[in-house]
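Laboratory data are not the source of any read-out in this text; all were calculated from the coordinates shown. It should be emphasised that the depicted structure is a prediction, and the values quoted were computed from it without experimental measurement. Cβ atoms come from the backbone with ideal geometry, glycine included; neighbour counts cover every protein chain shown.
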Amino acid sequence: MALMDFIKKQFIDIIQWTESGDGTLAWRFPMADMEIQNGASLTVRESQVAVFVNEGQVADVFGPGLYKLTTQTLPVLTYLKNWDKLFESPFKSDVYFFSTRQQVDQKWGTPQPITVRDKDFGAVRLRAFGNYSFRIGDAKLFHTEISGTREIYTVADIDGQLRGLLLQNISNAIAGSGVPFLDLAANQVQFAEALAKQLVPEFAKLGIQLETLTVQNVSLPEELQKILDQKIGMGMVGNDMGKFMQYQTAQAIPKFAEGAGGGGGIAGDAMGLGAGVALGQVLAQNLSQGLQAQPAAVQQQPAVAVVNPADVMTTLEKLGELKAKGILTQEEFDAKKAELLKKLV
């Protein structure tokens, strides 16, 4: 009886792995001093791969299925060990199981703002976060490059490496996409696609297959966020610059009129709230007409109108305040100024 117990301890006739929980990527079958019996049964379940390693050299790789271990099912190992075609003695070999199911909801993010380069804005600092999922795509490569001879290798062991690769490639993904940075920031799906495209070959070098990647949030500096908000506003009015300027002017009129009614500035003392609103409406109409590109046409001689010099000066003062508040650019102010001064000649 003692002899039979000794034999059972020395020879293995069933090799299999049942995962006890989540997060395990590689697991080494416990061989100790035991040997594998000729004709032993190997069970590889769905979402698993088994790899036989002989003296540190990867031999045979098995996908899902039930196998009887013979020279026919172990051709590489048979060659490495120089077995005869009908070997009958037990043999020693390390057996590693790899989980190929998806490892989902892996978090990534930028602990500190990172600097990326953009053709429109030069250097841009941003923060972003999201999640991704992956699986082992090449068990042999993963064994030789990552897990090695460890008894167990988990997701937590490689998490830092994968997140480091992800953060390192954000800048390259933006540059390689050929899409302006603000467009990527406004479209997180497009941002994620550009980043995933950059990461797939980097993950593949480790035997890992990137399955999904999401960008859940992009935080921009305040100045860029204002530009992005304006770009979104442009989209809401169909990229019509005239309508957009009308919208911008309308947003500024309440503050402008409030300042005028409070007695601030020369024009504010004279005109007050009602005149400020009226001037804003006129200005919005003029801006709409001036910013809409029209084909060249035959110039029509404008009708001569009587202009009050005091009104012109008041209007110029108001335009100056709009320029100071950033509502008008210097070019727009100069154009309106020249137009008004011509009316005094």
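For the residue pairs Lys119/Lys337; Lys81/Lys205; Lys107/Lys205; Lys197/Lys226, the C-alpha atoms sit more than 27 angstrom apart in Lys119/Lys337; Lys81/Lys205; Lys197/Lys226. Database remark: amide H of Thr100 closer than 5 angstrom to the amide H of Gln48, Val49 (H placed geometrically; neighbours at sequence offset of 5 or more, or on other chains; Pro and chain starts carry no H). Each part gets one Cα centre, and for the stretch 161-198 versus the stretch 121-151 those centres are 15 Å apart. Here Lys68 is the anchor, and the aspartates and glutamates within straight C-alpha reach of less than 20 Å, apart from those fewer than 8 places off in the same chain, are Asp13, Glu35, Glu46, Asp60, Asp84, Glu88, Asp94. Between Phe11 and Val76, how high is the FRET efficiency from 1/(1 + (r/R0)^6) when r is the Cβ-Cβ distance and R₀ = 25 Å? Nearest 0.05. E between Phe11 and Val76, to the nearest 0.05, is 0.70.
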